[in-house]
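All remarks here apply to the structure that follows.
The values are calculated or read from the model by the stated rules, or taken from the named source; none is laboratory data. Computed from a prediction, not measured in an experiment: that's the story for all the values here. Neighbour counts are summed over all protein chains in view; Cβ atoms, including those assigned to glycine, are modelled from backbone coordinates with ideal geometry.
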Ligand SMILES: [Zn+2]
């Protein structure tokens, strides 16, 4: 998979995980692999340990969908209805 072909599967994988309300995604090439930065929004009242599990599930779902997504950072944020929503950036 190359270029933008990886962004959609990564976005779908992240969205498929329960507890993810919204998010912002950035994907960059690192040699033959991809670096993925996910800003994921979850229920603001979700306990930190549960939010952490959501983040881990997102990483697993992305790796299953796109094995070349090898460098991943997940940043959990409280869901804000007024947020701009998802944005995919390929650098
Ligand atoms: Zn963030």
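Remarks
- In the set 4, 11, 29, 35, only one residue is outside any strand (DSSP E or B), surrounded by 14 or more Cβ atoms within 10 Å (Cβ to Cβ) and either away from the ligand (no atom under 14 Å from the Cβ) or at pLDDT 95 or above (or both); that residue is 11.
- Filtering the range 60-80 to residues that are within 11 Å of the ligand (Cβ to nearest atom) and either without any contact (Cβ under 8 Å) to a residue 24 or more places away in the chain or surrounded by 13 or more Cβ atoms within 10 Å (Cβ to Cβ) (or both) leaves 74, 76, 77, 78.
- Of all residues in the range 42-59, those satisfying the criterion of being within 16 Å of the ligand (Cβ to nearest atom) and over 10 Å from the mean Cα position of the chain (by Cα) are 42, 43, 44, 46, 48, 51, 52, 54.
- Residue pairs whose Cβ atoms lie under 7 Å apart, separated by 6 or more positions or on different chains, with the first residue in the range 31-55 and touching a residue at least 24 places away in the same chain (Cβ under 8 Å) and on the phi > 0 side of the Ramachandran plot and the second within 16 Å of the ligand (Cβ to nearest atom) and assigned to a helix (DSSP H, G or I), do not occur.
- A residue that is surrounded by fewer than 17 Cβ atoms within 10 Å (Cβ to Cβ) and away from the ligand (no atom under 16 Å from the Cβ) can be found somewhere in the range 17-25.
Yes/no per residue for (1) more than 11 Å from residue 76 (Cα to Cα); (2) out of contact with any strand residue (DSSP E or B) (no Cβ under 7 Å at 6 or more places or on another chain):
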position	(1), (2)
16	yes, yes
23	no, no
26	yes, no
33	yes, no
36	yes, no
39	no, no
53	no, yes
60	yes, yes
